[in-house]
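A.B. asks: There's a structure below that I have some questions on.
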Amino acid sequence: MSLFILKFKKILCNIFIICIFDTLLIILPFLLDNSFADNAIHSPKIIRVGAYDNRPKIYLNESGKIEGLFPEVLNYIAKKEGWKLVYVHGTWNQCLQRLENNEIDIMVDVAFSEERAKKYIFSNESFLINWAEVYSNSEESINSLIDLNNKKIAVMKGSIHTDGENGIIKLVNQFGIDCNFVEVVNYKKVFELISNNEVDAGVVNRIFGSLFSKSYNVKKTSVIFNPIHIKFAFPKSSPLASGLIKRIDQNLFEMKKNSDSVYHKSVYVYLSGLPRDLIFSKPDIETDKSIINLSFSEKEWIKNHPRIRFGVDPEFAPFEYITSDGLFQGMTSEYIEILNKRLGLNMQLVKYNSWKEVIEKAINKELDVLPCVCITHSRKKYLNFSMPYINFHRAIITRSDIPFLTGIQDIENMKVAVQLNSSHEDYLLENTNIKPIIYPTLKKALLATSNGRVQAFIGNFTSSAYWIRKLNLINLKVAAPVTEDTQTLHFGIRDDWPELVNIINKGLSSLGQKEEDDIRKRWINIEYKPGIASELVWKYILQIAAISVLIVVIILFWNYRLKKEIKKRIEIDKKLFAANQSLKKIDQLKSMFIASMSHELRTPLNSIIGFTGVILMGMTGPLNEKQKDHLTRVNESAKHLLALITDVIDISKIEAGKIDIFPQDVNLAKLVDEAIITIQPQLQVKKLKLNVSVPDDLNLFTDRKRLLQCIINFLSNAVKYTEEGDVTIEAQKVDSKVNIMVSDTGIGIPPEDFPKLFNAFERLDSHLRIKAGGTGLGLYLIRKLATDILEGEIFFNSKKGKGSTFGLIIPIRISASDNSLTSKEDKS
Ligand code: ADP
């Protein structure tokens, strides 16, 4: 039994040994493999790393050492992991070949592609994301892929950006663009060819481009393509690969999480072209910035930007403004102070007189920061913005007498003011149909609203309220909010400084709620000091003084001119007076001459008329026909001359005011009969019919001789200028006046001659001019007599070829002494 048991034990033991052996046979290869891998890593095993020249990622430096971003990080990992790295230098293609042949264990800087993944194993963690950029020399203008047509383009041979799946060659083919590619060994050569004008353009990766474009004086175009993950690559057949990948992935992952890691420092230093020593420099702990978690790259950025210029709106109180003493004040001033201290920044104010200027300088990058601005579309073109740090409401300000408003829609048809370059200007243009009237400053816009030049102002509620109180614009009110939501103010930072946005955001985040509330309270409840700044007072005084001086100068000049004018006028008056005197003398002489001549001329004429009459009557003996004829002509000529002289004398007497007036009672019918007798001979000669219509009882108190003279002249003209038909004289009483009219059916007068009718010596053109005879003094004399002596007026009416009517209206003026005029005249 015991022997059976012993045998059974032996058999069991054998089975157990066989099982263990079999198990060992199965798991041994695995144990062996892992232990090999671990041994390879943990023992200072030599790991061969492929190296080529592609600054700043990897390159052979001047002292023959491999340097660059990849070696920096890889060396760090190797040190940590206890690996000994040996760099095997060659060209890019040589390196890839070695990787394929398992002659190197790691290749750095390999862009991942499905194609390559078939040949090599890749790390999982990406080292960098890179893409390709097209550069050209400055003269070439390449704005899109299409512009590459027919161009000579330098590319790096074997690069993923050259002949990869999404490389330039395939890309241009897809677009049917025809390019002539020049393949070179590295990116340096690409830039060399571009700057020597040997090619039109070239392709490099973004990292190389941003670092070296300046030194080669090549220009980045807007063509970018092929975003790729850059990883570590390992030979497919390498037993080390999986172990290496695990460790490298782990290390990269850890480093990426920590902004102060060698990875981040290296990326920043190498991609900015900064000295390598910075990676290992100690953080600056002198300032408060140590309490803000700034990354290494951020700290370096701050160090490299020792002065940051900012500009403010000088009137954007209480947010930011400049006092009359030139001091920078407002909430923002406190924020700037805190950020400068905590972040170790040196933000310095550059003062400008107007917000317009500040904006211009920011656009031109002469200012780096606008510390208190709203985000607008137009500003996004040149600024990046920090997180918001002050809130405000956009409000409508109107005069108190404008009725109740509910919102922005109520002011669409009003004249609306905004401040130039303000966010409110952009807001109105982008969101409403309102075409705002732009004022250079907030103050001016508010004043325009107060004066009624505009009906509403759109602005920041807080700063508007500040200025309304400060300027004492009591007729303004905040009428309504523009929108329900709150607007925000930010730091605006020049768009080529994205790093500063994060830095400022970190600084702003470091402020506690209480800290921010305190700042706000200090400035919102600011003590206002109404009144005008002293320089303003002086400005106004000087302006008033200048205007006063100007007014005085104008008055003095005016006075001087007036004096000169008066002197001149006095001289003219003197001359006029002298001329007048001499004229008066001449006039007197003329009157004296006429008076004396009248006697001297009339006496001989009367003798001629008298004696020729006597001879013609045959009282001195018989005359033959010829003698009779001649004497008749002498007699008529003498009569004509006498009539002329009488008229001239009458006129000159009237003009000299020396004619005597003899008013007396006159019976008009009798006077008319007398006149008719005078013209009777001519009437008969011409066989004209005379119609008389004068009331018998029409009596006047007037100058009989002169009225008779007027009626005779009218009748005489009527007969003279009528060849057939009738002549009518009629009179009628109209109120206290009498209207005497003489009409004829004669040649009439054309209207264009009317103005000349009553001129002295004026005779109108007609076929009767010669035949009728005359002096041209008749109507002139009638007018003088009618107006100056008879105190009446004359009128006429005529139609060419139809006849004329001449009339006279004179006052009746019945004699006070007697009403029975007829009898009295009869007696005389
Ligand atoms: P005259 O001595 O020439 O008649 P008047 O002063 O009496 O001078 O008249 C001026 C001119 O007026 C005349 O030359 C004549 O042409 C025109 N005239 C005056 N009366 C009449 C009339 N009744 N009909 C037509 N023309 C007249």
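The values are calculated or read from the model by the stated rules, or taken from the named source; none is laboratory data. Fair warning: this is a prediction, and the values are worked out from it, not measured in the lab. Backbone-built Cβ (ideal geometry, glycine too); neighbour counts: all protein chains shown. Accessible surface is based on the protein model in full, side chains and every heavy atom, while ligands, DNA and RNA are left aside. Shrake-Rupley method; radii C 1.70, N 1.55, O 1.52, S 1.80 Å.
A.B. asks: Quote to one decimal, in nm, the extra length available between PHE175 and GLN682 on full extension: 0.36 nm per residue of separation minus the C-alpha distance between them. Please list the in-between numbers first.
C.D. replies: Values: separation 507, 0.36 × 507 = 182.52 nm, distance 12.13 nm.
Extra length available between PHE175 and GLN682 comes to 170.4 nm.
A.B. asks: What is the spin-label model distance, in nm, from ASN293 to LEU690 if the labels are put 7 Å beyond Cα along the C-beta direction?
C.D. replies: Spacing of the two 7 Å Cα→Cβ label points: 13.9 nm.
A.B. asks: Which entries of LYS299/LYS521; LYS341/LYS361; LYS351/LYS435 show an alpha-carbon separation above 29 angstrom in the structure shown? Before the final figure, lay out the partial values.
C.D. replies: Numbers: LYS299/LYS521 32 Å; LYS341/LYS361 26 Å; LYS351/LYS435 31 Å.
Violating the 29 Å limit, Cα to Cα: LYS299/LYS521; LYS351/LYS435.
A.B. asks: Of the cross-linked pairs LYS231/LYS257; LYS626/LYS689; LYS628/LYS686; LYS689/LYS771, which ones have a Cα-Cα span greater than 28 Å in the structure shown?
C.D. replies: Values: LYS231/LYS257 18 Å; LYS626/LYS689 33 Å; LYS628/LYS686 23 Å; LYS689/LYS771 20 Å.
Correct reply: LYS626/LYS689.
A.B. asks: Further, regarding this structure: Would you work out which of LEU145, ASN699, LEU294 lies farthest towards the positive end of the dipole of the chain? Charges go on Cβ: Lys and Arg +1, Asp and Glu -1.
C.D. replies: Value: LEU294.
A.B. asks: Just from its helices, what would the mean residue ellipticity at 222 nm be for the chain, if runs of 4 or more DSSP H residues each count -39500 (n - 2.57) and the sum is divided by every residue, rounded to the nearest 500 deg cm²/dmol?
C.D. replies: Mean residue ellipticity, 222 nm, calculated: -15000 deg cm²/dmol.
A.B. asks: Rank these by accessible area, largest first, 1.4 Å probe: ARG48, ARG561. Display every interim value, and only then the final one.
C.D. replies: Details: ARG48 80, ARG561 140 Å².
Ranked from most to least accessible, the order is ARG561, ARG48.
A.B. asks: Are there trypsin sites (Lys or Arg not before Pro) in segment 100-203 that DSSP puts in a loop and that have at most 16 other Cβ atoms within 10 Å, and which ones? Provide the component values of the computation, followed by the final result.
C.D. replies: Working: sites: ARG116, LYS118, LYS119, LYS151, LYS152, LYS157, LYS170, LYS188, LYS189; in loops: LYS151, LYS157.
Within segment 100-203, the qualifying trypsin sites (Lys or Arg not before Pro) (loop, at most 16 other Cβ atoms within 10 Å) are LYS157.
A.B. asks: Given H placed on each backbone N at 1.01 Å, which residues far from MET347 in sequence or on other chains put an amide H within less than 5 Å of it?
C.D. replies: Here ILE308 satisfy the definition.
A.B. asks: Ranked highest first by the average count of other Cβ atoms within 10 Å around their residues, in what order do 718-730, 310-322 fall? Working shown, then result.
C.D. replies: On the way: 718-730: 19.4, 310-322: 23.7.
Ranking, from highest mean packing down: 310-322, 718-730.
A.B. asks: Here's a follow-up. Here is the link list: LYS57/LYS265; LYS265/LYS303; LYS737/LYS799; LYS80/LYS236. Which ones come out longer than 18 Å on Cα distance?
C.D. replies: Details: LYS57/LYS265 14 Å; LYS265/LYS303 14 Å; LYS737/LYS799 26 Å; LYS80/LYS236 25 Å.
The answer is LYS737/LYS799; LYS80/LYS236.
A.B. asks: Per-residue HN-Hα couplings for segment 245-256, Karplus 6.51 cos²θ - 1.76 cosθ + 1.60 at θ = phi - 60°, whole Hz, x for Gly and Pro?
C.D. replies: Result, ordered by residue: 4, 4, 6, 5, 4, 4, 5, 4, 4, 4, 5, 5 Hz.
A.B. asks: OK, next. Using a 1.4 angstrom probe on heavy atoms only, work out the carbon and sulfur share of the accessible area of the chain in %. Mind dumping the intermediate values first?
C.D. replies: Numbers: 25570 of 45360 Å².
Roughly 56 percent, rounded to a whole number.
A.B. asks: Cross-link candidates for LYS584: which lysines have Cα within less than 23 Å, leaving aside residues fewer than 8 places away along the same chain?
C.D. replies: Answer for LYS584, where 23 Å is the Cα cut-off: LYS574, LYS575, LYS653, LYS658, LYS784, listed by chain and number.
A.B. asks: So, by mean Cβ neighbours within 10 angstrom, what's the order for 681-694, 394-407, 68-81 with the highest one leading?
C.D. replies: Details: 681-694: 13.1, 394-407: 16.0, 68-81: 20.3.
Per-residue Cβ counts within 10 Å, averaged per peptide and sorted highest first, yield 68-81, 394-407, 681-694.
A.B. asks: What list of ³J(HN,Hα) couplings, whole Hz, do you get for segment 685-696 from phi and the Karplus terms 6.51, -1.76, 1.60, once you set θ to phi - 60° and write x for glycine and proline?
C.D. replies: 4, 8, 6, 9, 8, 10, 10, 10, 9, 10, x, 5
A.B. asks: What relative contact order, as a whole-number percentage, does the chain give when Cα pairs under 8 Å and 6 or more residues apart are counted? Write down the numbers at each step before the final one.
C.D. replies: Details: 1288 pairs, mean separation 59.8, N = 828.
With pairs under 8 Å counted, the relative contact order is 7 percent.
A.B. asks: List the residues, sorted by chain then number, that are 5 or more residues from GLU183 or on another chain and whose placed amide H is less than 5 Å from its amide H.
C.D. replies: Distant-sequence amide H within range of GLU183: VAL155.
A.B. asks: Classify the chain as rounded, prolate or oblate, taking a ≥ b ≥ c as the square roots of the eigenvalues of its Cα gyration tensor: rounded when a/c is under 1.5, otherwise prolate if a/b is larger than b/c and oblate if not. Walk me through the intermediate numbers first.
C.D. replies: On the way: a/c = 4.89, a/b = 3.67, b/c = 1.33.
Here the chain falls in the prolate category.
A.B. asks: Give the accessible surface of the chain per residue, rounded to a whole number of Å², with probe radius 1.4 Å and ligands, DNA and RNA excluded.
C.D. replies: Dividing the accessible area of the chain by its residue count gives 55 Å².
A.B. asks: Now, a different point. To make sure I understand the rule: partners must be aspartates and glutamates, Cα under 13 Å from the Cα of LYS170, and not fewer than 8 residues away in the same chain. Which ones qualify?
C.D. replies: Of all the aspartates and glutamates, those that pass the test against LYS170 - Cα under 13 Å, at least 8 places apart if same chain - are ASP178.
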